[in-house]
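Notes to accompany the following structure.
The values are calculated or read from the model by the stated rules, or taken from the named source; none is laboratory data. This one's a predicted model, so the numbers in the text were calculated from it and none came from an experiment. As a convention, Cβ positions derive from the backbone with ideal geometry for all residues, glycine included, and neighbour counts pool all protein chains shown. Side chains included, ligands, DNA and RNA excluded: accessible areas come from the protein's heavy atoms. Shrake-Rupley method; radii C 1.70, N 1.55, O 1.52, S 1.80 Å.
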Amino acid sequence: MPCITLDNVCYQYKTDDRPKVALDHASLSIDEGQFVVLLGSNGSGKSTLAKLLNGLLTPTSGKVTVYGDDTSVDEDEVIYRIRSTVGIVFQNPDNQMVASIIEDDIAFGPENLGVPRDEMKERVKWALESVGMWEYRTHTPERLSGGQKQRIAIAGILAMRPKVLVLDESTAMLDPRGRKEVLKVLHDLNREGLTVILITHHMDECIGADRAVVLERGKVAFDGTPTQLFSQEHNASSYGLELPEVARLALHLPSLGLPALSDPCDEEGLVESLLTLPPLSLKSAPKESTFDETVIDIGHLGYTYSPKTPYQHTALSDVTATIPKGQLVAVVGQTGSGKSTLMQHLNGLIKKQSGTLKVLDIDLDRRPNYKKLRFAVGMVFQYPEYQLFDETVAKDVAFGPCNAKVPKEEIDGLVRDALTNVGLNYDEVKDRSPFELSGGQKRRVALAGVLAMRPEILILDEPTAGLDPMGKQAILRLVDEWHRTVCPTVLMVSHDMETVARYADRALVLSGGKLLYDLTPRELFAKGEELDELGLEVPLAARISLRLQQHGWDIPVALTVEELLGYLEEVRHA
Amino acid sequence: MRNIAFGQYYPSGSWVHKLDPRLKILLMLFFVVLIFFVNTFVGYAFYFCLIVVSTILAKVPFRSLLRSVKGVLFLVIFITIINVFFYAVPEEQALWHWWILSVSVEGLLHAAKMALRIILLVMGPALLTFSTTPMELTDALESLLSPLKLIKFPVRDLAVIMSIALRMIPTLMEETDRIMLAQKARGADLDTGRLFNRVKALVPVLIPLFVSAFRRAEELALALDSRCYNATPNRTRYRVLRPTWRDLVALLLFGAFAAGTILSIVTFDFDAMIYEGIKGLL
């Protein structure tokens, strides 16, 4: 039975100059109990659609019906019936909480609906138990992880007993562990009968869903099962989406003379299929580059926040590492592992407490010149676009060089180079306000702001967080290019192991303030299941090559799907 | 920096912490109003007894209480000095006299009283915030102000606004920290320089902070709508404040204190005795 139907829906945003079409004759009917994943790149109309589903927006033309109610009807009773039937969870959990105590926050919806108190208590308990957060009910949200906060936001909606749950990019800001937590909760709820509509740009979230819908420029471009979506490889990438790695590999099976899989996301089936090939022996391991000139020397570094108070917290203990010039180093670890503390030591934002630290020729023990250090070590924080402030892009990018007292006549050149390096056209953007740019462009401007200081070392804290797959790949390609040209030494904090495998020369793994591993990605991922306990997921290519090794294949641990395919090609030649 | 957000709440879970926050607010109001009628040392002695007893019952360290006084120390010293030197007495009673300044026993005693009054004015409410969370205070205010609903005053909205503000303060603080670090990383100088330059240096922090606050507000507004805010005028409440026997005991104790204080004001004139005593010694 359809619970929500969209019938020829159009929606236009009214802007100053010309109306912007967000949805263009979209029709869709969602059945009760379905798990629907709604995909599309930025600007495809996904978020508009979400807001149409519970009447936060009403269509410009066409009709949205929720359990028989037309969302355009302007009657309070109907409006609130629709809103409590179709609950929406938004992107940033911090912006959805209204009370400082979790249970009070969960109760907010039922309070608004006038639910009697005894029932309300039951609902709060049920909602928190459904997302596995009951034991946190008296906590404040500050200390929770992103995944936990988003589960709280889901519970806040569940307490209104909705029949449909819509998630508007609710996984976009989460790290892989947080995304997993949230997806598990969603699948559990769906099994209990809740209709789930998950809006995302991560195609791998389709795995296990009943249905995938792809929006493209306001139109429904695809509507079918995830398996169908994955099997049409060319289509998927033309929507600005990225196939999950397992599907990309599975689609190559026929070219190896193996039968195609019925479900291209079935990793087990994929491995079994590959094992029917004769075992391969490859002697030549890919060679690793060598580096000599040390630019960062960390010795027994330790740091404690608020020492000698009840809030005392050791963030780093006994970290020793040297980083040579020209390496792209991935810094990996869960939230609270000490990554940020370590990074902020390197440009002097945190003053060293114990141990030794030498960055370039600056010894942090000998009354260092912090200003000089900060210009030599460029640091890009997470979501750097949130620090843009000036009237024009050019002025904002020039902020760093101006602080460095670079002569006026040189600044223009630096700004032009920096904007070119981030792939923007200097003449087009220089006089525009940074606030009127798109999300991806803002991120690039912010990166340019740091590059313009001509740093010798670049530190990036999750430069791709929150971007759609296209944006993410574009930024990573830029980073790789800077690494090979303007700024050879790069430290990049990342939660995404596929990124680490593909781009890093080396990985530092931190856990609980200690440096656990300091290895090349190939050595690191060869550890296989050991990494699971740290919440690090071994990338698919490495996982599969480890499985093949167990079955007598003598191949190196592949870091990328392309590399693994290269090995498999060898089988065909042999 | 982050500790400001939760006020000065000291979670000891004591008997005082468990009192009905409405009662605590009302008693505090009475405490503050009454202090303006107290002008004898005996009265202040009563007040100090109350503060000491409540602090012990609340299991709050005296250190924290003194720290709250430290914030107004400058004011206390300033007012004391003014009162000592400008207390007008006939010249022959003054211990010391120069131009329009004079020091007298009356002046000294008066200054001492003023200082005590300010200290008590700070300690009382401080004790309230040590033993009551901002959320409890919000709930209590909403309940105490609820009669105003009769004249269409939006009490509920006010309470939700306060609740959201309390919820957002730590988030915005964290955001401020982050933006400051990011701008420092670009070489911004936020801690040194002359006042004008320092204010100017804050622009790169304040603008992103405002932009982010508006962005958050937009999403919050959508979230409030999605959670059916204003769906019904017959809103129910998850947290209900109910007075217990503890509140009765507290009320009786406070009543005893208030009665003692008022009696001391109207009946005995210990202050005159103290005054005469000091005069005699001199």
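The P(r) of segment A:405-450 has a tail past 16 Å containing 33 percent of all C-alpha pairs. Length available on full extension from A:SER354 to A:THR138: 0.36 nm per residue minus the Cα-Cα distance, which gives 74.1 nm.
Among the DSSP beta bridges whose two residues both lie in the protein assembly as shown, what percent are antiparallel, rounded to the nearest 5? Restricted to the protein assembly as shown, the bridges split so that about 55 percent are antiparallel.
Within segment A:8-116, the GluC sites (Glu not before Pro) that combine a DSSP coil assignment with at most 15 other C-beta atoms in a 10 angstrom radius are A:GLU32, A:GLU75. Take every pair of alpha-carbon atoms less than 8 Å apart whose residues are at least six positions apart; their mean separation over the length of segment B:91-246 yields a relative contact order of 11 percent.
Calculated on C-alpha atoms, the gyration radius of the protein assembly as shown divided by its Kirkwood radius gives an Rg/Rh of 1.04. Multiplying the residue separation of A:LEU277 and A:ALA260 by 0.36 nm and removing their Cα-Cα distance gives an extension gain of 4.7 nm. Accessible area per residue for segment A:185-233, computed on protein heavy atoms with a 1.4 Å probe, is 38 Å².
Shown is the FRET efficiency for B:ILE82 and B:LEU282, computed with R0 = 22 Å from the Cβ-Cβ distance and rounded to the nearest 0.05: 0.40.
What's the whole-number percent of alpha carbon pairs in segment A:114-261 lying beyond 24 angstrom? Result for the distance tail: 43 percent.
Other residues whose C-beta falls under 13 angstrom from the C-beta of A:ALA541 contribute a net charge of -1, scoring Lys and Arg +1 and Asp and Glu -1.
Taken residue by residue and averaged, Cβ atoms of other chains lying within 10 Å of the Cβ of B:186-192 number 6. Across segment A:1-153, Cα pairs under 8 Å and at least six residues apart give a relative contact order of 19 percent. Whole Å is fine, so just give me how far the alpha carbon centre of segment A:467-541 lies from that of segment A:1-58. First find each Cα centre; the distance between them is then 36 Å. Once you divide the Cα radius of gyration of segment A:2-243 by 2.2 N^0.38 Å, the number left is 1.00. Between the helical axis of A:469-484 and the longest alpha-carbon principal axis of chain A there is an angle of about 0 degrees.
Surface burial for A against B, with a 1.4 Å probe and both sides summed, reaches about 5100 Å² of accessible area. Largest first and in whole Å, the equivalent-ellipsoid semi-axes of chain B read 43, 31, 16, each the square root of five times a Cα gyration tensor eigenvalue. Taking the C-alpha atoms only, the angle from helix A:102-113 to the longest principal axis of chain A is near 30 degrees. Computed from Cα positions, the angle between helix A:117-130 and the longest principal axis of chain A comes to roughly 50 degrees.
With the largest listed first and rounded to whole Å, the semi-axes of the equivalent ellipsoid of segment B:1-105 from the Cα gyration tensor are 37, 18, 12. Of the trypsin sites (Lys or Arg not before Pro) found in segment A:234-330, those in coil by DSSP whose Cβ has at most 14 other Cβ atoms within 10 Å are A:LYS283, A:LYS287, A:LYS308. Values of log10 I(q)/I(0) for segment A:345-477 across q = 0.10 Å⁻¹ run -0.34, by the Debye formula with one identical scatterer at each alpha carbon and no solvent. Peptide B:234-245 shows a mean partner chain C-beta count of 4 within 10 Å per residue C-beta. Note on chain B: helix-only mean residue ellipticity at 222 nm, from DSSP H runs of 4+ residues weighted -39500 (n - 2.57) and normalised by residue number, equals -22500 deg cm²/dmol.
A 1.4 Å probe run over segment A:250-313, with the rest of the protein chains in place, finds 63 Å² accessible per residue. Inter-chain Cβ neighbour count for A:83-92, averaged per residue, equals 3 (cutoff 10 Å, partner chain atoms only).
When the helices of chain A are scored as -39500 (n - 2.57) per DSSP H run of n ≥ 4 and the total is divided over every residue, the value at 222 nm lands at -10500 deg cm²/dmol. With 0.36 nm allotted per residue and the present C-alpha distance subtracted, the A:ASP297-A:SER238 stretch has 16.7 nm of extension available.
Of the residues in segment B:204-219, those shielded by at least 50 Å² of accessible area once partner protein chains are present, compared with the chain alone at a 1.4 Å probe, are B:ARG215, B:ARG216, B:GLU219. The distance between label points at B:PHE62 and B:MET114 comes to 2.7 nm (points 7 Å beyond Cα on the Cα→Cβ vector). Think of a 1.4 Å ball rolled over the protein heavy atoms: chain B then has 56 Å² of accessible area per residue.
For the pair B:LEU248 and B:LEU195, label points projected 7 Å from Cα toward Cβ lie 5.8 nm apart. Applying the criteria of a DSSP loop state and at most 15 other Cβ atoms within 10 Å to the trypsin sites (Lys or Arg not before Pro) of segment B:101-155 yields B:LYS152.
Separation of segment A:551-574 and segment A:256-335, taken as the distance between their Cα centroids, equals 20 angstrom.
Seen through its C-alpha gyration tensor, with square-root eigenvalues sorted a ≥ b ≥ c, segment A:190-314 comes out oblate because a/c lies at 1.5 or above while a/b is not bigger than b/c. No solvent, one uniform scatterer per C-alpha: report log10 I(q)/I(0) for segment B:162-270 via the Debye equation at q = 0.14, 0.18 1/Å, two decimals. So the normalised log intensities work out to -0.78, -0.99.
As a rough guide to protection, the peptides B:216-224, A:442-450, B:229-237 ranked by mean Cβ packing within 10 Å, highest first, stand as A:442-450, B:216-224, B:229-237. Take every pair of alpha-carbon atoms less than 8 Å apart whose residues are at least six positions apart; their mean separation over the length of segment B:155-226 yields a relative contact order of 28 percent. Beyond 19 Å in Cα-Cα separation lie the following of the pairs A:LYS121/A:LYS184; A:LYS149/A:LYS184; A:LYS149/A:LYS472; A:LYS14/A:LYS472; A:LYS372/A:LYS442; B:LYS59/B:LYS113: A:LYS121/A:LYS184; A:LYS149/A:LYS472; A:LYS14/A:LYS472; A:LYS372/A:LYS442; B:LYS59/B:LYS113.
Per the 1.4 Å probe, what fraction of the accessible area of the protein assembly as shown, in percent, lies on carbon and sulfur atoms? That share works out to 57 percent. Note on B:SER146 and A:GLU523: their simple-model spin labels are 6.7 nm apart, each label 7 Å out from Cα toward Cβ.
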